[in-house]
Each structure stands twice: as C-alpha cells, then as structure tokens.
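The values are calculated or read from the model by the stated rules, or taken from the named source; none is laboratory data. Note that the coordinates shown come from a computational prediction; the quantities given were computed from them, not determined experimentally. FYI the Cβ positions are ideal-geometry reconstructions off the backbone, even for glycines, and counts take in every protein chain you see. Just so you know, the surface numbers come from the protein's heavy atoms only, side chains and all, with ligands and any DNA or RNA stripped out. Shrake-Rupley method; radii C 1.70, N 1.55, O 1.52, S 1.80 Å.
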There are 6 protein chains.
Amino acid sequence: MIAVTKRYGFPAAHVLASRELSPEENEAIFGPCANPNGHGHNYGVEVTVTGPIDPDSGQVVPEATLDEIYQAAVAEPFSHRLLNDLEDFATRVPTAENIAVAIHGRLASAVRRSTRARLLRVRIVETPRNSCVVGEVK
Amino acid sequence: MIAVTKRYGFPAAHVLASRELSPEENEAIFGPCANPNGHGHNYGVEVTVTGPIDPDSGQVVPEATLDEIYQAAVAEPFSHRLLNDLEDFATRVPTAENIAVAIHGRLASAVRRSTRARLLRVRIVETPRNSCVVGEVK
Amino acid sequence: MIAVTKRYGFPAAHVLASRELSPEENEAIFGPCANPNGHGHNYGVEVTVTGPIDPDSGQVVPEATLDEIYQAAVAEPFSHRLLNDLEDFATRVPTAENIAVAIHGRLASAVRRSTRARLLRVRIVETPRNSCVVGEVK
Amino acid sequence: MIAVTKRYGFPAAHVLASRELSPEENEAIFGPCANPNGHGHNYGVEVTVTGPIDPDSGQVVPEATLDEIYQAAVAEPFSHRLLNDLEDFATRVPTAENIAVAIHGRLASAVRRSTRARLLRVRIVETPRNSCVVGEVK
Amino acid sequence: MIAVTKRYGFPAAHVLASRELSPEENEAIFGPCANPNGHGHNYGVEVTVTGPIDPDSGQVVPEATLDEIYQAAVAEPFSHRLLNDLEDFATRVPTAENIAVAIHGRLASAVRRSTRARLLRVRIVETPRNSCVVGEVK
Amino acid sequence: MIAVTKRYGFPAAHVLASRELSPEENEAIFGPCANPNGHGHNYGVEVTVTGPIDPDSGQVVPEATLDEIYQAAVAEPFSHRLLNDLEDFATRVPTAENIAVAIHGRLASAVRRSTRARLLRVRIVETPRNSCVVGEVK
C-alpha cells in the first residue's frame, strides 16, 4: 500500500469556550485558552492520500491538484481567520480535534470528486507538542 | 477514528549491558553503548490516545489530565535518572525498545483508570535518527 | 565570549492594522493579516544572555532565574492574549519586529536587575519562515 | 506490537520526465521538475521494521545490521547519483512514489534474509513538505 | 539593532568538479560529489536584512517586497536547475560557499535598489548538517 | 566575510554537582540534575569556521578534514561517556557552558594546526530548549 503526505499550514486565532457554558465554566475547562479576545497558532495540516500510482506521472495525485484542493477547501476559509467565526464551529469549540474533523470532512469529499485517490487521514499540528489525526490511524 | 498525540520528554542516562553477560560480550553486542559509567539521551515521548470527542470540551482527553498522568507515570520515575536503577530494567536492558514497552505499560493502565480514552501507542525518540513505537502501529 | 540561549514560546493572536489608517489602507499594507477579528501564531522566543561563568554553578545564569524572569516579563502578559490589547501595542502594530522590541525592553531590565549577566539579544520566531532579532546581532 | 524506525538519507538528482512522452507533455505534467539537466533533493529515508525483541540485546534488530543493510541496499546505489541512471527507473519516473517502491523492494528482501524482523514500511521524505510511505500504512 | 530573517528554499542539482582538473583530481577533492551526472539538495536560503522599522507598517521591509526580490533574484535562476549550468558557476565550483557568495551578490544589490533596508547576511543550508553564511557574521 | 558551520553530535551522561559542595548544596543549585548516578543528553555540536575560499575546491575547509578534526578532538573523548570522568571536568562542573569552553579549546588548536581556516565559534545544543555558544558571538 502507498500513501502520500503533503504538509500545509495556516495561521489562525481561536477562543476555546462553549457558547452554552458560563465564563466560569469555560475557564474551568479551558483555562487561559478561554480568553474571550482569542489567541492563536500556526496550524500545520498534513494531508495523506492513498491510491494507485499513475503509470505516466508516477504519482498518486498530481501535486498541483492536491494544492488546489487544499487552497479551496482549507486555506481559503481557515487562513488568517478567527476560527470561531466559521460555520464549522457554530456549535462546536474549535479545538484541534474539532478542527481536524472539520478539515477532514471538507477534504474527503474534494479529494473524491477531483482525483482517483482517497483521503486516508488528516493531521492537525496545533503546537510542536500536540497534534490530532482523523481518518484511518490505527 | 480520531487520535490525539502529545509530545513529552526527559533526559536520562543508561548503560547498555546485560548483567548476565561478560564485559566482552556486552561490548560485542552494544559497542560504545556498553560503557559501564553510562551515557545519555534527551528522550522524546509521544503519547497517542484515542476515544470519543467530549461534546462540551471538544477534546478526547483534558490536556491537564494527560499531563498529570504523564508526570506521575513517566516524568517522576524516569527524568534525570540512570535508567538501569529502575525496577523496570532489573532484568531487561534499557534499550529504546524496552523503555517503550515499560512506558507503554505504565501509561496504558493510568489512561484507562483516569480517562474515557485508551492508549493507542507510545513512541520513544532516542535520537533524531532512531525511535521505537509500542501499541497499535500497523 | 560566551552566550547562553533559552527557547521559550507562547501562543497569541494579533491584528495587523494601524488605528490611524482606514480599513482599505490597512488591507493594502497587511493583506489578510489585517482581518479585524484576528489570527494567530505560536511565537517562539529565544533569549540570549552573556556574562561570566559562575565558578560554583558553571553557569552564566541559573536556569530557574531566567525561567522566572521570562515567566513574569513575557509569559504572564503575552501568552494566550490578543496582542493588540497590550499597552505595548497601543500605538504600534504588533508585528514580529515590534513584538521583539517590546519583549527585548521588558527582558533587558529584568535581566539587569536579577542576574550578573546582560541580555544580548531576543529572537521572535513568528512562523517557521520568518523571525526577527533585536539586540547585538551583527 | 513493536516497531523500530531508523532515519537515513542521501542526496541525489532526478529528472521528472517520461521517456515515452514529448518534452511538451512532460512539461505539462511535471512543470519545472521536467528540466532535462535535473534538479535534486536531500532524500530522507525512514526504515521501519517489526519483530520480537531479542531478550539478550533488548533490540528488534542489531543497529549495526540495519545500518549495513541500508548501506548496501540503498546508500551504495542511490547516494550522490542521478536517479534516472538507475535500472530501477528504466521504465518508471523517479518520483517520491516510485523511489519509495524501489527502496521498499530492495530493503524488504534484505531484511528478510539478514534479520529475524520484517520490514513494515519505508518513508521517503523528498522535501519538508512532501513524503511518501510504502508498506503497511493503514 | 534589528534584523529580520526570512527562510526560502529551492531544490537543485550540482556537480562538484572543476573544469580545470582531471576526473581523478576532482574525485580526490570531492569524492562521490564529483559524480559527473550530478546529485542534488533541497537548499535552504535564509535572508537577513536590517534597517529602521517603518512606523506605519511596523516592518523593516514589506514581506511581499522581499518575496518578490527573492523570486526574481534567486528562485527564478536557481530553482529546479543544474547549478553548473548557471553563469555564476562558469569558473567556480557550485559548493555551498560559492552558492552563498553568488546569492549574496544578487540579493544585496536588489535589496539596496528596492527597499530602505540593507542585506546583512545570507545563509545557505545545504543539508541538515552543513551550512554557510556570507555577510556580517561575526 | 564567510563562515561555514557543520553540525555534529554525541550522546553522553553527566552529573551536575561540584566536588567542593555538599549534596544539599548541589541539590539547591542543580535540582534533579545533581542526581549522583547521572542523567544524559544528545549533545549537538555546531562548529563554525571562517577563512578564505580555496579557489580549487570552492571550500573554506575540506569537509573530510573538519570531520577528522571533530572525530579526534571531540567524538573520541566525549561520545558515549560520563563527562565527569574527563579531565576537562576535573575541577569544573560539566554544564553546557563548560562543555562549550572545553570543546572550543580542543577544536581551536586543531583547526589552527590542520587548516588555513580558524575556529569562529562552537555551539553546544544540550536540549531543544537550551544551547550555549563560545567564540565570537556578538
């Protein structure tokens, strides 16, 4: 089996606080990350796809195609944004976990539509110390 | 499926030599690593857990909980130590493999007791050139 | 000559926009970084001090002292914050350059007060692709 | 389950162009990578093996054995070479995908012959932004 | 003093061999790097400029300006090329040292023409193990 | 001016404790690093030399020469050792600072004897968070 990974990234801000909880409850769960004016990260996004190698190009997907998919599905909506402003996070806190789920959903359908490969997994690297993978990770 | 990884680390010394072998045999197997006064590494420890995302916190495990588990189960006994002094290595040489097995064992039960997630795997990064994973790695 | 560097870091959000300029002017200068709801980064902070090696400790400054200085002078006010909220940026845009100048100013006096070393330089790493140094850099 | 990874690497040049296609077609597929005089990379090679821990050595494979296998099967033929000159790429373009397939094939048989472990996967890191894994990656 | 560094990079091939020396002499000096069909690297290019902070933008140079300078002066001529083909290396071997000198020369005049800053230094990172700086490095 | 840096490294153990102080005093200064059985690190060693570019080789120093100097002056005595066993640390605690001073001293004379370059500085990277430079660092 073969899997190809490309690493992208974007800077963004977020507030870790649930709209359904009081400031005190949010502070208790999220600590300083609940600061209502936000803080931010350089998010790394590792996109892994799998599929047959095209005999002409020797590639699983054309690099330019994957770049365009990422640009439209992730960079455009997420880069240089306060993530809480996105509809993806209307009812979910923009933690690394929920960001990974949202980006995996957006990329999976785009990869299916535009390539002969399929999305295997998405890794979100929030800081050098914590990351989150959604997909086939076992 | 979703998996969350946090990276920790500790500095420690070890001697790669079996108490059941002669100095010459140890030297033959372990080369300069058998030096009886020890040498050491900055060990990286990547802890990966999996489980459902808690809808309130948007997290698989509270970060503070995982930090406390690591602190008690790994940092406390392993950091700034000669690993051969630990009971974990009374009958096993403290190679990256055996360190990974020992830490996986200590963390797996602690994660089970204290969270609703389960430990998926532990990676020990001994040097930038070699590492070892124990758990579901396939 | 001897210089010791410790690497710290904090996540924060910022808006690159001058209060004296119109939204259009800010957009022209700062592009997507002018988004008024902010975006963010994992800021790396490398603190370099110089001074004689203390013969007892073999160190230029006690590590714990430098950690405490950083904690009070930088982590406390900057971490998990929207940088535009800080007084340091009341009249200056929180670019990497101005963040470096502000942190250098805060650290230089604290290092002078609390140690026998002096601050040589401060490097702010905003992304893996851009950084800024203030101090003696030549 | 336990898996051990060692990271190696080599510098090499390649031309991304199929001998069966015209210059225009190659340019359309591969862009600047089709430049007929070549360009190059520092290729990272991560070799992951799995197997039982030897009770004497505490290791899955002796490090020196894996180093020798890599030296003979990969470094010798690939390092400081124009990859298109190798027989492995007589009919296949030396993309990261095809390099990974070729190296996986060479290493798998060598690991089987010389150790009690088996090759689990090979990762080729072509640039900090793209990599490719062949083996059991799911 | 303030200095701003941006990290760029390009993949390229080179042959380390002097046209004035015999194959045997080149092999004696450069070893496997003298392979006449070339090998290659991912070259990192760190560009450091210094100058006053513009009070409106809070920047030493507009990022877009530095990107354009790099694109025209370095990426365009060097990226995806066999460096020996460039006029810069008509009489000089394209070692990291000579690449750094060539790129420093090209960038210094472009920075002077297009910005109010000046080029302080250029670092070429040829592999994770060796790099070269030209400029004011003391 | 031109400076060339090569990165080397070695694993070693050390005990941060002065023979002239009591265990309590050492514990007060060095905390867990005073553990008398030692702990360890992967020490990175960045060696920077400066000098004219040799017109034939295009290099400041032949890479093989610098490698041999490092091997004899540093790897041989320091690698896989308990640093407190070395004469360099008979009366000095093996902190990053004192290790840097010792290695700088050993390399400076060897570089002077064996090359036309001179040693500009030595950086010791003890952990990803702390390092120390000796030489011309301003």
*Share of pairwise Cα separations in region B:3-135, more than 24 Å, in percent*: 33 percent
*Would you mind giving the average projected area, over all directions, of the Cα convex hull of region A:80-129 in nm² with one decimal?*
4.4 nm²
*Could you grab the relative contact order for chain C? Cα pairs under 8 Å, six or more apart, rounded to a whole percent.*
30 percent
*Accessible area that becomes buried as B packs against A, both chains, 1.4 Å probe, Å², nearest 100*: 1500 Å²
*Residue-wise, which Karplus ³J(HN,Hα) couplings in Hz belong to region C:35-42, taking 6.51 cos²θ - 1.76 cosθ + 1.60, θ = phi - 60°, and x for glycine or proline?*
2, x, 8, x, 9, x, 8, 8
*Share of alpha-carbon pairs per 5 Å distance bin for region D:57-96, given as whole %*: 6, 21, 21, 17, 12, 10, 8, 4, 2
*Summing Lys, Arg as +1 and Asp, Glu as -1, what charge do residues with Cβ under 15 Å from the Cβ of E:E25 carry, E:E25 excluded?*
-4
*Whole-Å semi-axes of the ellipsoid equivalent to region A:6-76 (Cα gyration tensor, √5λ, descending)*: 39, 12, 9
_DSSP-defined beta bridges in region D:3-135 - what % are antiparallel, rounded to 5_ = 95 percent
*Can you list the distances in nanometres, one decimal and ascending, from the C:D56 label point to the identical position in each other copy, with the point 7 Å along Cα to Cβ?*
5.0, 5.1, 5.7, 5.7, 7.6
_Label position 7 Å from Cα toward Cβ: report the copy-to-copy distances for C:E24 in nm, one decimal, ordered from shortest._
4.6, 4.9, 7.5, 7.5, 8.9
*Counting each DSSP H run of 4 or more residues in chain F as -39500 (n - 2.57), what helix-only mean residue ellipticity at 222 nm follows after dividing by all residues, to the nearest 500 deg cm²/dmol?*
-8000 deg cm²/dmol
*In whole Å, what is the distance between the alpha-carbon centres of region D:69-102 and region B:111-130?*
34 Å
*asked:* Give me the 1.4 Å probe accessible area per residue for region D:3-135, excluding ligands and nucleic acids, in Å².
replied: 41 Å²
*asked:* Considering only protein heavy atoms and a probe of 1.4 Å, how much of the accessible area of the protein assembly as shown is carbon and sulfur, as a whole percent?
replied: 50 percent
*What are the extents of the Cα atoms of the protein assembly as shown along their three principal axes, listed from largest to smallest and rounded to whole Å?*
74, 72, 50
*Which of the residues in region A:59-100 lose at least 40 Å² of accessible area when you go from the chain alone to all protein chains together (probe 1.4 Å)?*
A:Q59, A:H80, A:E97
